[in-house]
Every structure is written in structure tokens, then in C-alpha cells.
Amino acid sequence: MKDKLWHIVSGSLVPAWLAAAVILTVLHRQLPSSGWLLVHLLLLGAVSTAILIWSQHFADTLLRRKALGHRVSLGLRLTAHTVGAIAVMTGMVIGWYPLVLAGGILVGLNALAHAAVIVGQTRGAMPGRFAPLVRYYVASGVTLAAGVTLGILMARLDGGGEDYERLFIGHLALNLLGWVGLTVIGTIALLWPTVLHTRVEGATVAAGSTLTVLVGGLGLVALGCLADLRLVVALGILIYLVALGRVLWEGVGHLRRAPAVTFAAWSLGAAQVWFALCTLGFGLQVALAPSWTAAAAGVEALVPYFAIGFAAQILLGALSHLVPVVLGGGPGALKATAAELDRGGLFRVVVVNGGLALSLLPVSSTLTVALSVLIVATLASFLVLFTRALRTNRRVRALPLVRVVPGDRPVPRIRPRHTGRMLAAASVLLLTVTVGIAVDPVSVGLSTVSTQAAGSSAAATATGHTTTVAVDMVNTRFVPDRIEVPVGDELVITLTNSDDMVHNLVLESGLVSGSLDPGAAETVRVGVIGASLDGWCSIAGHRLLGMEISIVAVGADETVDSADGSDSAAADGDTAVMDGMAGMSADGSHTGHDEAATGTTTSAAADIDPMAEPDADFEARDATLPPATVATVHRRTLIVRNVESEVAPGITQMLWTFNGTAPGPTLRGTVGDVFEITLVNKGTVAHSIDFHAGGVAPDEVMRTIQPGGSLVYTFTATRSGIWLYHCSTMPMSVHIANGMFGAVIIDPPGLAAVDREYLVVQSELYLGAQGSEVDAVKVEAQTPDLMVFNGYANQYAARPLEARVGETVRVWVLDAGPNVGSAFHVVGGQFHTVYKEGDYSLKDGGSTGTGGAQVLDLAAAQGGFVELSFSQAGHYPFVSHVMSDAEKGARGIIEVLP
């Protein structure tokens, strides 16, 4: 294969990965794990492929010797990496660990093979002053293999515990600072002065002992993560940062001698700045965080800046310089190709880096999305320019050679001024910020909501006066909660949220304010008042707690005149101000504005079909209960997430979950075990947690935390039984009903072994609209739409539990409520053992040896287990014998095989 064709074919892999990342950005709402996938498409896909290609290219150049197998060898490595990366991403998206394992092993072994090829290439190579730089490529390959190993272990742990967070930090360090960082440092030492057209006098700093220091720092990071020593990790990053600083300072010297004038130089320079800042942030997060979980959360927030600010800009800057060189075609083709890739260079760099810098500010989610779209679109423009560059190179190469008469000189090219491009970029950023604020003005406290109230009447004569009322939102109350307004006056409400929770205001007229974050204020123009109005906060559960307000229209004849004959409400410029008061907090989450405006929703209950079957690919929650482990200390991380989940065939709800499921993960241990649970709130509203299995003072560990917050809840299991854990943030009934509960099982001493053990958690669903959150009004009225076992109506009727004739089956049952009890019964079965709330009410037939039981009766939050065996094969339904509840979905089947 000719050089040019080889470079085009191999080089097309990187744009292909980038195109996939752009497509995912557009479709991210339709795909699971889209954030994780986007980062890995860029780093494991595009950046890693570029590293394999260009590190081999530079090794060939620096060592002046081709690698063993040359292009065949590199082609095999590229194929192996591509297949492995696709397997890892596919396995993570579909949740199949064997595929993740296979893909990870392939990627890791391929990285080691890449390092081995370059080591072999150094033997017998011609020595040169820059030849030692290839050692960076060897070291980076080893760190990728180590980082992938930690990633495989993380996938196995499935997001739980401090151990997971330690592996996560090590995984990021080895992959970002090791695989990507070492490669960049070894390459930029020569690429940077080449792009700037400066000379390297003597040996570069990177060719000395710098690599040893960098690798030593990464070694300390890995050691600290494995040995549970966070300060050692921070020390390792500090050492790494010092060595990185020496290399970057040398680059500053080159920049002083020759300022950057091309996109490649600007992009590479900006990437190095982000590299240093992100590495510094990495170290500070680890050093200052109170726990591994908090450190991991802080470091995770840096990943987009590592990926875009550093890795993506390094990649695009390097390609913009290297692609014209490898395509060749003579000076004319090289200049024309480079010119295409340099189009709008300064504009693109300013937009990307300005957008990244703005996203660091405490801006609204709407503005963050707008900036993200702008950044991705700007980066994606490289794909268009890359295509144009290939066509331009081919066109110019086909042109006939033009003979230059000796003595003729080309007209010097006047370099365009950069002021216009920078102003254009600044204007685009300003426009994006303006649009973001216009879409969500409340986020910056600039909103003025205005609408004509339903209470306004065409017959009501406008007085021309304005009544302005200051209303405070505090302690899940509007203060004042009653406003008197003369008929015909225009009402303006100055709304202030003095809580530390989000609130809003909804009027029955259809007016809906924006959501006000703690400390935010908003001016709400209600309009001319013609009749009385009711209002409330539509955040889930807040109206239930009494957050309502009344606007009373006072008749014109009741208006009290001031001494000078004017309306008292119109004094001081037709404005009267009523001050609110301050208090404590509450929390909740949005409903849609259309729902909020009317106070009602189109409930998904209307779509319930009791006879409907789940789809063929439906997988029921695994009710099998693994035995308690031998560990005496149990560390687990519970992450609160909003997840749209199917709860019955064709019925979806936006649940608040622990680790993505309702019920949350089941914890199991024995008396005396210690549980260290880290709660991380990645939801949209405040949450908390209460473990009934531990006797602790609730003040600190059960406190409510805001989105982005975390806490550590430690308790010792001193009593056996099955215990409920749940969110304890008010209104507690709403939080539990929307999915925030799970089970902790502490085995009674001497618990007998059985053939099969299952866990069934009963709960209630009070359906809001399709895809929406719980209906708080139904929760208050205690009128559930569905009763479910393990979060899905009738799932074990469609996917039965299994047993065999003669086996002893133990079924643990927990009633999570929040309101309704359970009467667990197996049709056709008889319980020979019943354990409830910490003790046996019947054991092995009781004192007579022949006793039995038919129901395990539980109030909300109670639990226990039953044991039974089956003498005949068949299908044995299990239900709550509150039969109307069974008919609402609290039923399943145990299929007994011969």
C-alpha cells in the first residue's frame, strides 16, 4: 500500500470515532449511559487510536528504523484496539460484563504489545539526541494496560462502595495522566517547536530524567489508590505536576521566540494550559476531599475538561499540523491542505476555550447545555475541514507544475489581522449566553413572569394602580399566604426564596413562575385582578405540606382611601409593599408547567391494562438473595439518580432511585457487622437516607443534602431482622412512594441453610402522568394505582420464580409502604416457618411439629420471612391477600419443577 493511501485509510479511523461522538451528542437522550459513552468514544476511541498511529510514526522517525512488521503490525494493533474498544462500550451499554471483560483484556494486551514493539524497535536503532523520547510511548502503553485493568474491576463492582471510588480515581489517573498524558509530553517536546518553527537547542527537558519523575508520581497514585491512602495519591499527582511544569515552561520559551499564528499552535497551546489546570484540580480534589467518594465526585467533574480542553484540542491541533505533512504532494499541496485545516482557526479556538471557561461558572443547566452544543459544533467543524483538506490535496496534486522564472518571487502574503476573528468569537459566545438566559431567566434572577389572571374580568375596570406584594417562600410556606388586592388593580408579586430548597409559584389562572433556587428572586406580574385566585408550589409534595397562597379580590367599594383621597395601594408611585418573613427549608422537584398550571395531571393510571404482558425482552428484577459475605465491614455507595422506569407494561414514571433501581440495592450482613454507606445526591432535588437497621442519632447522618452533595452514614448492626432504608426528607411519603427505599437483611444467629432464598419488597405506586413523578395528592389520600413486588406490577407472574419439589424455599418479605400493609400468602402452599420483626412466630412446625401458617402479615415498614416446601410440581401464585392489592399488581408465581 502506498504511503498516501495508508495514511488516508489509517487516519480515517480517528475522524470516524469523532463522528460517532458527534452523533451520540445529538442522540444522547435516546441512549443509556450516554455521558460515559461520549467520554470513551473520544478518549478510548479517537484519542487512543491517534496515539497508536502517531506514536508509531514518531518512533519510526526518531529511531530512524521501521518497526517489526511495519504497517502490517500497526494494522493489527489498530484492529485489535478498535474491536476491543467497541466491545467495552457495547458491554457497558447493554450491561453484559463478559463482553466488557473480553474487550478490556484485548485493549490492555494490545497496549502492552504496542509498547513491546517499540522496545524491540529501539534495539539496534541509530542513536540520536531525541531518541529517548520514545520511552514515553512505552511507559504510556503500560499505564493504559494498568488503567484498563482497574476499569474492568470497576465494572465488576458495579458502582458500589469506597473501593469502587478508589479504583475510579486510579483508573482516571493512569488513563488520562498516563496513557494520554505521557504520550503528549513525549510528543509535544518536539511537535510544539516544530509547529512554532523554532529550534530546539541541545537536549529537550523531556529527554532527561523527567519521565522517571512522571512515572514515579503515577506509581504513587496507583499505590495510594490500592492501599487506601489518599494523601499518597495527592503526593503522586504533585510530583507529576512538578515534572509536567518543567516541560511546559520549556514550551513557554519557544512561544516567546515565535508567537502562535496557526490553528495547530493555538489549539496545542490551549490544550497544554488545560492539561496543567486539570492536573492541578485533580490533585486538589483528592487532597482536600473528606472521603474517597467526595474526591471521586470532584475528579469526575473535571473529566469533561480533561476530555475537551486537553485531549480533544491536542488531537485536533496535532492533526491539523501533521495531516498536510503526511499527505505530501509538494509545497503547493502542503500549503493548500494546511490552509483548509486552518480556516477559522482563531475563531474556533476562542469559542471552544471561552465556552469551557464560561461553563466553569455557576450557570444554569440551560446555559450549560447551550454552551456544550456550541463547543461540540465548533469541534465537529474539523470533520468538514478534514474532508475539504483531502479534496484540496488531491486537486492541487493533479495540477500541472508551474515553472518559476529565476529571480521571480511570489507576492508576500499579508497575514490577516486577528481582531475581527476574536470579536466574532466573543459575539457568538455572548449570543449563546444571551439565549441561555432568555430561555431560563430565573437562573440569574432576571425573570419577570406576566400573564392575565383568570380572575381578571373584562367587566372589571382597571384602576391604573399597581399593588406590589413581597412574598417569601420559607418553611414550605408562602409568607404571607393571603394577599388582598382591590378589584381592578394590577398585582405584582416580588417572589423570594429564602429556603435552601427549590420552590415555585403556580396560580389556577395558568400562570407558572420559574423554579427559584435558594436565594433567588423573581418578579411575577399576575395582571389585573377581577376575582379571587388560589396558588401553590407545584414542586412534588410541597402543596401536600401546606405550601398554598390565596389572592383575595377586594370589592372597589371596600377600598380604603388615604387622607388625600387617593387609593392607599397607589401611594408612592401606585406601589404598596408587604414584606415577608424568613424560616427553614423543604424540598421537592418539578412537575411540568402544564400540569402545574391546573393542579391536575393526566395520570398514567388511565393507561393501565391489568391483562397486559411485558415485552418479550423484559427481564424481571432478580429476586434471588445472595448469602451474606464473610466481610464484617461493608462499604457501599448509594447514588441518587432520577431514572425514567417502566413500572407496568406501557407505564413509565420518573422515579427517584438509589443506584438506578427501585427498590435500591439490598444490603446483607450479620449481627456485629459495620456498614459504611456513602450517599451521593445526583438527583435534581434534596434527599437523605434513614437506615432502620442501625441505632444512631439522626441529626447528622440523616440530614438532607442538596444535589451534588454527599454524606457518609455509618452504623453497626446490633439487631437481626429485615430492615427498611428510605429517604427521610419531607414529605417522606412522597419520596418513598417515588422509589426511594430498599432492604437491609441482618441474618439471625443460627439461620439455617435453605435450597433457595428470595427477597420480595412490596410497595405502592401513585401514578402521575406518563414519564412524570409521583402524584402527591394521591399519596396524601392513600389511593395507590398499583401495588408491586420489587418495583414492577405482576412481573413474577410473567417471569416466575423457580423451585423444585422437596426443596426448602425461604422468601424474605419487606413492606416498604409508604402507606399500605401486606398479607403475604402463597396459594397452594403452607408455611412451616414464619419469622417476623426479629423473632420466630413459628419454627419448623412449632411446638407440635405440625403447625403451619398461611399469611405473613406486615404493616408498612415491617418485614420477615417465611419458609415452605412443595410436594407437587406446578405453578403456585404468591400474593398480598389484601385481594384488591393483589389485583393491582401485588402477585407473582413460583414455578415448581419436578
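In loop segments of segment 694-784 as defined by DSSP, there are no chymotrypsin sites (Phe, Trp or Tyr not before Pro) with at most 12 further C-beta atoms inside 10 Å of their C-beta.
Here segment 667-739 is treated with +1 on each Lys and Arg Cβ and -1 on each Asp and Glu Cβ, and its dipole about the Cα centre works out to around 160 debye.
Taking the Cα centre as origin and putting +1 on Lys and Arg beta-carbons and -1 on Asp and Glu beta-carbons, what dipole magnitude results for the chain, to the nearest 20 debye? Walk me through the numbers on the way to the answer.
Details: 53 positive and 70 negative charges, 1636 e Å.
The calculation lands at about 7860 debye.
Most simply put, the chain has about 65% antiparallel DSSP beta bridges, counting only bridges with both residues inside it. Residues whose amide H falls under 5 Å from that of ARG635, counting only those 5 or more places apart or on a different chain, are GLU676, with hydrogens built in the peptide plane.
With contacts taken as Cα pairs under 8 Å at a separation of at least 6 residues, segment 87-234 carries a relative contact order of 22 percent. Which percent, nearest 5, of DSSP beta bridges in segment 621-751 are antiparallel? Once the DSSP bridges in segment 621-751 are tallied, antiparallel ones form about 70 percent. At an R0 of 60 angstrom, the distance between the Cβ atoms of LEU27 and THR848 translates into a FRET efficiency of 0.40. Residues in segment 686-783 average 34 Å² of solvent-accessible surface per residue, probe 1.4 Å, ligands and nucleic acids excluded. Fully extending the segment from VAL827 to VAL325 would add 173.0 nm, taking 0.36 nm per residue of separation and subtracting the current Cα-Cα distance. Relative to the current alpha-carbon distance between GLU548 and SER841, full extension at 0.36 nm per residue lengthens the span by 100.7 nm. With a cut-off of 20 Å on the backbone N, the residues of segment 499-516 near the modelled label site 7 Å out from ALA531 along Cα-Cβ are 506-512. Paramagnetic label reach from GLU895 (point 7 Å along Cα→Cβ; backbone nitrogen cut-off under 17 Å): within segment 769-805, residues 794-805. The calculated FRET efficiency for ALA753 paired with PHE618, based on their beta-carbon distance and R0 = 41 Å, is about 0.80.
Working note: Karplus 6.51/-1.76/1.60 with θ = phi - 60° gives segment 841-856 the couplings 8, 7, 9, 6, x, x, 5, 8, x, 10, x, x, 9, 10, 9, 9 Hz, where Gly and Pro are set to x. I'd like the orientation of helix 210-226 relative to the chain: the angle between its Cα long axis and the longest Cα principal axis, in ° from 0 to 90, rounded to 10. That helix lies at roughly 20 degrees to the long axis. Remark: the VAL384-LYS682 segment gains 103.6 nm on full extension, using 0.36 nm per residue and subtracting the alpha carbon distance.
Normalised by the residues of the chain, what does the relative contact order come to in percent, with Cα pairs under 8 Å and at least six apart?
On the way: 1846 pairs, mean separation 60.3, N = 898.
Relative contact order of the chain: 7 percent.
For the chain, compute the number of Lys pairs whose alpha carbons are separated by less than 27 Å, excluding pairs fewer than 8 positions apart on the same chain.
Numbers: LYS2/LYS66; LYS2/LYS335; LYS4/LYS66; LYS4/LYS335; LYS682/LYS778; LYS778/LYS888; LYS836/LYS888.
Lysine pairs satisfying the spacing and distance rule in the chain number 7.
Within segment 770-800, name every residue whose backbone N is under 15 Å away from a label modeled 7 Å from Cα of THR602 along the Cβ vector. Those under the cut-off are 770-772.
Would you kindly calculate the mean projected area, averaged across all directions, of the convex hull enclosing the Cα atoms of segment 222-361, in square nanometres?
On the way: hull surface 40.5 nm².
About 10.1 nm², averaged over all directions.
Rounded to the nearest whole Hz, the Karplus-based 3J(HN,Hα) values (6.51 cos²θ - 1.76 cosθ + 1.60, θ = phi - 60°) of segment 514-525 follow the sequence x, 7, 9, 6, x, x, 7, 9, 8, 9, 10, 8, with x at glycine and proline.
Using a Förster distance of 25 Å, how high is the FRET efficiency between VAL855 and SER884, based on the Cβ-Cβ distance and rounded to 0.05? Write out the running numbers ahead of the final one.
Numbers: r = 16 Å, r/R0 = 0.63.
E(calc), rounded to 0.05, equals 0.95.
For Cα extents along the principal axes in Å, the choices are [x] 86, 71, 65; [y] 89, 81, 73; [z] 104, 94, 48; which was calculated from the structure? Answer label, from the structure shown: [z]. In this structure, the amide hydrogen of SER532, modeled 1.01 Å from its nitrogen in the peptide plane, lies closer than 5 angstrom to those of ALA553, counting only residues at least 5 positions away or on a different chain.
If packing is taken as the average count of other Cβ atoms within 10 Å, what order do 67-76, 791-800 fall into, highest mean first?
Values: 67-76: 14.6, 791-800: 21.9.
Top to bottom by mean Cβ count within 10 Å: 791-800, 67-76.
Couplings for segment 714-726, taken from phi via the Karplus curve 6.51 cos²θ - 1.76 cosθ + 1.60 with θ = phi - 60°, read 10, 8, 10, 7, 9, 10, 8, x, 9, 10, 8, 10, 6 Hz in order; Gly and Pro are left as x.
How much accessible area per residue does segment 268-330 have, counting only protein heavy atoms and a probe of 1.4 Å, in square angstrom?
28 Å²
Whenever you get a sec, compute what percent of the accessible area on the chain sits on carbon and sulfur atoms (1.4 Å probe). Can you show the working numbers first?
Values: 23350 of 38660 Å².
Of all accessible area on the chain, carbon and sulfur atoms account for 60 percent.
Residues whose amide H falls under 5 Å from that of GLY771, counting only those 5 or more places apart or on a different chain, are THR652, GLN653, MET654, with hydrogens built in the peptide plane.
The values are calculated or read from the model by the stated rules, or taken from the named source; none is laboratory data. What you see is a predicted model, and the numbers here were worked out from it, not measured in a lab. Note that each Cβ is placed from the backbone with ideal geometry, even for glycine, and that neighbours are counted across all protein chains shown. All accessible areas refer to the heavy atoms of the entire protein, side chains included, with ligands and DNA or RNA removed. Shrake-Rupley method; radii C 1.70, N 1.55, O 1.52, S 1.80 Å.
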